[in-house]
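The values are calculated or read from the model by the stated rules, or taken from the named source; none is laboratory data. Note that the structure is predicted; figures quoted are calculated from it, not measured. In this analysis, Cβ positions are derived from the backbone assuming ideal geometry, glycine residues included, and neighbour counts consider all displayed protein chains.
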Amino acid sequence: MRFLIFFLSFHLFTDVSDYIEQTKPKYDQLALDLWEFAEMGYLETRSANAIKDILRNEGFSIKDKVAGIPTAFIAEYNNGGPIIGVLAEFDALPGLSQSTNPYRDSLGGDAGHACGHHLFGAASVHAAVAVKDWLKKNNQKGTIRLYGTPAEEGGSGKVYIARDGFFDDVDIVLHWHPSDINKSHFSSSNGNKSARFTFKGISAHAAGAPQNGRSALDGVEAMNMMVNLMREHMDEEARIHYVITKGGLAPNVVPEEAQVYYYVRHPNVDGVVDLFERVVKAARGAAQGTETKLEYEVMHGNYPLMPNKVLSEMIYEELLELGGIKYTNEETEYANELYKTLINPSRKIGSQEEIQPLRLSAGKGSTDVGDVSWKVPTSGVRIATWVPGTSSHSWQAVAAGGTTIGTKGANLAAKALANSAIKLFENPKIIELAWDEHLGRVGDHEYQALLGDRQPPLDYRK
């Protein structure tokens, strides 16, 4: 297959890396602006507007408030032909404010870009604009469409966009993600479903009249105990984790209301559904046993990623052509200082110069890109925007993501996405082969969003 794709593109492919390199400062600044904004899911007003301003000025049409989400949008340059979609994320994570210093140094705010979505958004925009410029200059038939997708972190923004049919006419979707390595994104992931479980009890004086009280916190703790006992009796690949978001205000008052927030993960769609229902049963049992009342709200749900070998092989060839990332002396010095703070780093500084071999991997995390990948052939790259060995969702990821180490990686991602899109426009046979594989993997499964018919939880980060 790799030989076939290479042969198809050998005499046609036009590289836009020079254009991306020449326009790099503009998109580096966009990434750093988003890093400063650090807006959480469904609250990314400044970030979305900054991205839309650039796209509008570059001649893209903008569809706002997609799927009823104020910060979701679709930007398109339409010149007929195949439609290639590019995903752009831009939400930050709570509790991870951090300066660029190579030591723990909170800026005093709440949120930080610990998953690098500021880089994700900026590089995807850069790629889309580069492809638009190429389509226009070459009068090539083709449509480039950028999806502004908010609230990936626990908000499932893309699921609502997919559920409402906004990917139904797309031929291929490309995406990328910040990382500590460079690789073609040939991988699956865990599906995910989450919910907030709220227990309602009866308040009373904990010492003077405990017999009159029914503790909502007892309901939460009983549920947690039963779910933890379940861990011995679930598939090894599955994951369950939780935080108690409300547990009471004073020890001498029997808690009238308590809440626990659960994530349930499994590599199969049916496995997610089944395991989530077992968690719900534990919650109901806990409520019955503690004489409290239970309410729960499904917060989000993501399908596991559907890999596509045809696309991943094409993108891998492009990454090999582009090569990895070389640090300057200053960047190496910074990386060495930050590296000292990492716990059991799995990679050494220098590995950011390499392209990892193409092999199918199974990630333990989850992403709302999964739902997109069940609707349309989807693939992309992971690029080293962090110091090797850095974990996502860490202060170290925030710090490096605000430096030239981060923006240098974003620049490589933009080149990989843009050049891959151009290969697809020039070689529609690749699109056909990717769809053949996609339909074979999906089979007769009928897509139904795991979060049901609920509306986007626009206030989940407030």
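State whether the residues of the stretch 353-371 include one that is part of a helix (DSSP H, G or I), of a type in the set (Gly, Ala, Ser), buried (at least 17 other Cβ atoms within 10 Å of the Cβ) and more than 24 Å from the chain's Cα centre (by Cα). Working first, answer last.
Quick first cut of the stretch 353-371, residues part of a helix (DSSP H, G or I) only: 353, 369-371.
Cutting the leftovers down to of a type in the set (Gly, Ala, Ser) gives us 370.
Narrowing the set further to residues that are buried (at least 17 other Cβ atoms within 10 Å of the Cβ) leaves 370.
Subsequent filtering for residues that are more than 24 Å from the chain's Cα centre (by Cα) retains none.
No, the stretch 353-371 has no match at all.
Within the set of pairs 6+ apart or on separate chains, which have a first residue in the stretch 115-126 that is without any contact (Cβ under 8 Å) to a residue 24 or more places away in the chain and within 16 Å of Phe73 (Cα to Cα), a second that is surrounded by 24 or more Cβ atoms within 10 Å (Cβ to Cβ) and among the polar types (S, T, N, Q), and C-beta atoms under 8 Å apart?
Close Cβ pairs (under 8 Å, with a partner that is surrounded by 24 or more Cβ atoms within 10 Å (Cβ to Cβ) and among the polar types (S, T, N, Q)) do not exist here.
Please work out if Glu317 is under 16 Å from Ala400 (Cα atoms), among the acidic types (Asp, Glu), surrounded by 14 or more Cβ atoms within 10 Å (Cβ to Cβ) and at pLDDT 95 or above.
Numbers: under 16 Å from Ala400 (Cα atoms): no; among the acidic types (Asp, Glu): yes; surrounded by 14 or more Cβ atoms within 10 Å (Cβ to Cβ): yes; at pLDDT 95 or above: yes.
No: the conditions fail for Glu317.
Looking for something in the same structural domain as Gln352 (by TED's automatic domain parsing) and of a type in the set (Val, Ile, Thr) - is there at least one such residue anywhere in the stretch 214-221? Please lay out each step first, then the result.
The first filter runs over the stretch 214-221 and keeps only residues in the same structural domain as Gln352 (by TED's automatic domain parsing), leaving none.
No, there is no match, as no residue in the stretch 214-221 is in the same structural domain as Gln352 (by TED's automatic domain parsing) and of a type in the set (Val, Ile, Thr).
Any idea which residue in the stretch 149-200 is farthest from Ala123 (Cα to Cα), counting only those that are in a loop (DSSP other than H, G, I, E, B) and of a type in the set (D, E, K, R)? Please lay out each step first, then the result.
We begin by selecting, within the stretch 149-200, every residue in a loop (DSSP other than H, G, I, E, B); these are 149-156, 164-171, 180-182, 185-186, 189-190.
Then drop every residue that is not of a type in the set (D, E, K, R), which leaves 152-153, 164, 168-169, 171, 180.
Values: Glu152: 17, Glu153: 19, Asp164: 26, Asp168: 24, Asp169: 24, Asp171: 21, Asp180: 16 Å.
Per the criteria, the residue is Asp164.
Residues that are touching a residue at least 60 places away in the same chain (Cβ under 8 Å) and under 30 Å from Trp435 (Cβ atoms): list the strands (runs of 3 or more DSSP E) wholly contained in the stretch 215-321 that include at least 2 such residues. Reasoning before the result, please.
Working: elements: 239-246, 257-266, 293-302.
The strands (runs of 3 or more DSSP E) meeting that bar are 257-266, 293-302.
Residue by residue through the stretch 77-100, note down the ones that are farther than 30 Å from Gln140 by Cα and surrounded by fewer than 15 Cβ atoms within 10 Å (Cβ to Cβ).
The one that is farther than 30 Å from Gln140 by Cα and surrounded by fewer than 15 Cβ atoms within 10 Å (Cβ to Cβ): Gly95.
Being of a type in the set (A, V, I, L, M, F, W, C), closer than 30 Å to Ala48 by Cβ and surrounded by fewer than 24 Cβ atoms within 10 Å (Cβ to Cβ): is that true of Val170 here?
Details: of a type in the set (A, V, I, L, M, F, W, C): yes; closer than 30 Å to Ala48 by Cβ: yes; surrounded by fewer than 24 Cβ atoms within 10 Å (Cβ to Cβ): yes.
Taking the combined requirement at face value, the residue satisfies it.
Please work out which one of (1) more than 16 Å from the chain's Cα centre (by Cα); (2) within 30 Å of Ile343 (Cβ to Cβ) is the condition Glu76 fails and give its number.
(2)
Consider the stretch 432-441. How many of its residues are touching a helix residue (DSSP H, G or I) at 6+ places or on another chain (Cβ under 6 Å) and either among the hydrophobic types (A, V, I, L, M, F, W, C) or not assigned by TED's automatic domain parsing to the domain that holds Ser351 (or both)? Don't jump to the end; show me each part of the working.
Initial filter on the stretch 432-441 (touching a helix residue (DSSP H, G or I) at 6+ places or on another chain (Cβ under 6 Å)): 433-434, 437.
Remaining after also requiring either among the hydrophobic types (A, V, I, L, M, F, W, C) or not assigned by TED's automatic domain parsing to the domain that holds Ser351 (or both): 433-434.
Number satisfying all stated conditions: 2.
Taking Gly452, is it surrounded by 15 or more Cβ atoms within 10 Å (Cβ to Cβ) and either in contact (Cβ under 8 Å) with a residue 12 or more places away in the chain or hydrophobic (A, V, I, L, M, F, W, C) (or both)?
On the way: surrounded by 15 or more Cβ atoms within 10 Å (Cβ to Cβ): no; either in contact (Cβ under 8 Å) with a residue 12 or more places away in the chain or hydrophobic (A, V, I, L, M, F, W, C) (or both): yes.
Spelling it out, it is not the case that Gly452 is surrounded by 15 or more Cβ atoms within 10 Å (Cβ to Cβ) and either in contact (Cβ under 8 Å) with a residue 12 or more places away in the chain or hydrophobic (A, V, I, L, M, F, W, C) (or both).
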